[in-house]
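Beneath this line is the structure, given in structure tokens, with notes to follow.
Every read-out reported here was derived from the displayed coordinates using simple, explicitly stated rules and does not represent laboratory data. As the structure is a computational prediction, the values presented were derived from the model and not from experiment. Every residue, glycine among them, receives a Cβ derived from its backbone with ideal geometry; neighbour counts consider all protein chains shown.
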Amino acid sequence: MKQKINKFNAPQPTDSQLERAETLLKSFESSIDLNNFKSYENAFLQVLSDIVTIDKLHELGINEDQSFSISHSASFQKMQDAERFARLVSCSEYLVEPVEKNVFEDLYKVLFVHSGTFALDDILTHTMSLDWSAMQMHGEYDGWDVVIDYIPLQK
């Protein structure tokens, strides 16, 4: 059975997940201006989203050290900002699709993929950097998802 896992279909965070997100965020203090409310809020929500999504994958019995094709997206108001971001991520390990305008949201979408694990430290390295870079280029990092094959456990 194939299932797409991302922040939109993950459950609501628990108190424990909220505490873990707060603790992890402190480890990124050198790379994020935590005094800036917008960057702090973005960073906290990204870390929390990553934790909740990864915990959901663990519940499904998925090995976090296994390599997966992980899809990411970012949204921009202006085409030139989207193209600049696409050039930036294409210089790294990401495969980038051509920038497209989402007519329903009136935004330019950058879709890109990398092969990696969803071990928390691995995925956070990507998502925190992408979130920060998108924000610096007047956009928003939308998040990541992974399509997995699994056999549901019988109860």
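A few remarks follow.
- For Asp142, the residues 5 or more places off, or on other chains, whose built amide H falls under 5 Å of its own are Ser73, Ala74, Ser75.
- Proxy reagent accessibility, fewest Cβ within 10 Å first, across Ile51, Ile123: Ile123, Ile51
- Summed side-chain charge close to Pro98 - residues other than Pro98 whose Cβ falls under 13 Å, Lys, Arg +1, Asp, Glu -1: 0
- When Thr53, Thr127, Thr14 are arranged by Cβ crowding within 10 Å, least crowded first, meaning fewest neighbours, the order is Thr14, Thr127, Thr53.
- Equivalent ellipsoid dimensions for segment 85-128 as semi-axes, Å, which come from the Cα gyration tensor, largest first: 23, 13, 8
- By the count of neighbouring beta-carbon atoms within 10 Å, fewest first, Tyr40, Tyr108 end up ordered Tyr40, Tyr108.
- A crude spin-label estimate for the pair Asp65 and Leu120, with each label 7 Å from Cα along the Cβ direction, gives 1.7 nm.
- Full extension of the segment from Phe104 to Glu83, taken as 0.36 nm per residue of separation minus the current Cα-Cα distance, would add 5.6 nm.
- Label-point separation in nm, Glu22 to Ser92, each point 7 Å along Cα→Cβ: 2.8
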